[in-house]
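Please treat every number below as a calculation from the coordinates, not as lab data. Just so you know, these numbers come straight off a predicted model, no measurement behind them.
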Amino acid sequence: MKLSKDQIHQLLQKNNVVFNDIYEHTHRAIYALIFSYTHSSETSKDLMQEAYMKMLEKIHLYHPDRSFFSWFMQLAKNHTIDYLRREKKWVKNEPLVMNEPAIQPDADDQSKIMMLTQGLDFESKQIVLLKAVEEITFKEISNILHMKIGTVQWKYYEAIKTIERGLNDE
């Protein structure tokens, strides 16, 4: 997803139609990314709202020749990490476990996803959530996570094998 200079200008003018379109295209992926760090539905919702406000505040820094989606995902990721550092809950490359269930309209699906990805390392879990759940391309995931595309693909396929082994053991 790329934004034109006109769309950026409209966002700067607080155009709700453009904002709503962006929200509809990005909110699930933004929530999944933030939730992969916090494991808290309420905290994720709060941080997601803040990420959208921050996006509006920083939209002037976005370059129309880049993927808006990747830019925004990176902004949301950095905002979440900053929050966790401020709250002293951040451990690099380790998921934060708060033992709080996700409260979403599809809470059953959320708990299944959490169960399936439970045995994965933090990066693999993020990649699976972004690829399988949010259907983000490997290229965009590599931009968001600052990894080579080959590494992202390898980690994804290894994670899927681990999930399949876990399902076969049950």
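List of remarks:
- The share of Cα pairs per 10 Å bin across segment 1-63, counted from zero up to the longest distance, runs 21, 50, 25, 4 percent.
- Euclidean distance of C-alpha centroids, segment 18-50 and segment 57-86, integer Å: 12
- Measuring against 20 Å, Cα to Cα, the residue pairs Lys77/Lys161; Lys77/Lys125; Lys45/Lys148 contain Lys77/Lys161; Lys45/Lys148 as the ones spanning a longer distance.
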